[in-house]
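Notes for the one structure printed next.
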Amino acid sequence: MADNKKLLSFTLSIMPLIVLIAVIIIFSKVENIILIALALTLCLCAVVFNGYLDNHTGVLNDGATGAVGSAFGAASAVAFGAVLITAPSFESVKNFLLCMPGPALVSLGVIAALLSPVMGAISTVITQLGETYVSIGIPA
């Protein structure tokens, strides 16, 4: 190793993840526990990793940039689903796939495969076809 900078121990580096999971499991009945656990873990990371970070602003900028990218990705997936279901051919494709011979899971698999490049494929399938598949007999 070129520099002699002290590295974080493995145990200390996974501690925030373990705390996050533990808080979510222990307080699972609390409303909005995911947000609370994430905020708690963020504060824990700020304290634990403070001495190991040279550029705090850079780390925060990278995290914010990653979060914005993920938010835009999710938003574009939802938008694609909204455009997809309003397309005139969607209803005929949906009817064709629902009338496929064989178990209903086969048509569900085909739909998921067709939409697999899209991040919101599962969301689109569930919102548009969820009730149909439950009525066919696929458990929720």
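For segment 1-10, which positions are open to solvent by 90 Å² or more (accessible area, probe 1.4 Å) and either at pLDDT 95 or above or under 23 Å from ALA39 (Cβ atoms) (or both)?
Of everything in segment 1-10, nothing turns out to be open to solvent by 90 Å² or more (accessible area, probe 1.4 Å) and either at pLDDT 95 or above or under 23 Å from ALA39 (Cβ atoms) (or both).
Taking ALA112 as meeting all but one of (1) modelled with pLDDT of 75 or more; (2) open to solvent by less than 40 Å² (accessible area, probe 1.4 Å); (3) of a type outside the set (Val, Ile, Thr), write down the number of the exception.
ALA112 satisfies every listed condition except (1).
Give segment 44-69 a look and list any residue that's loosely packed, with under 11 Cβ neighbours inside 10 Å and either over 20 Å from PHE10 (Cα atoms) or not polar (S, T, N, Q) (or both), or say none.
Answer for segment 44-69, where residues must be loosely packed, with under 11 Cβ neighbours inside 10 Å and either over 20 Å from PHE10 (Cα atoms) or not polar (S, T, N, Q) (or both): VAL47, GLY51, ASP54, ASN55, THR57, GLY58, ALA64, THR65, GLY66, ALA67, VAL68, GLY69.
Tell me, which residue of segment 70-82 that is under 15 Å from THR124 (Cα atoms) and of a type in the set (A, V, I, L, M) is least open to solvent (accessible area, probe 1.4 Å)?
ALA77
If ILE85 satisfies all but one of (1) β-branched (Val, Ile, Thr); (2) at pLDDT below 90; (3) within 19 Å of the chain's Cα centre (by Cα); (4) open to solvent by less than 90 Å² (accessible area, probe 1.4 Å), what's the number of the condition it fails?
The single condition ILE85 does not satisfy is (3).
Which condition breaks for GLY130 when tested against (1) at pLDDT 75 or above; (2) farther than 19 Å from ALA79 by Cα; (3) of a type outside the set (A, V, I, L, M, F, W, C)?
(2)
The values are calculated or read from the model by the stated rules, or taken from the named source; none is laboratory data. Just so we're clear, the structure is a prediction, and the values are computed from it rather than from any experiment. Glycine gets a Cβ as well: all are built from the backbone with ideal geometry, and neighbour counts include every protein chain shown. We work out accessible area using only protein heavy atoms, side chains counted, and drop any ligands, DNA or RNA first. Shrake-Rupley method; radii C 1.70, N 1.55, O 1.52, S 1.80 Å.
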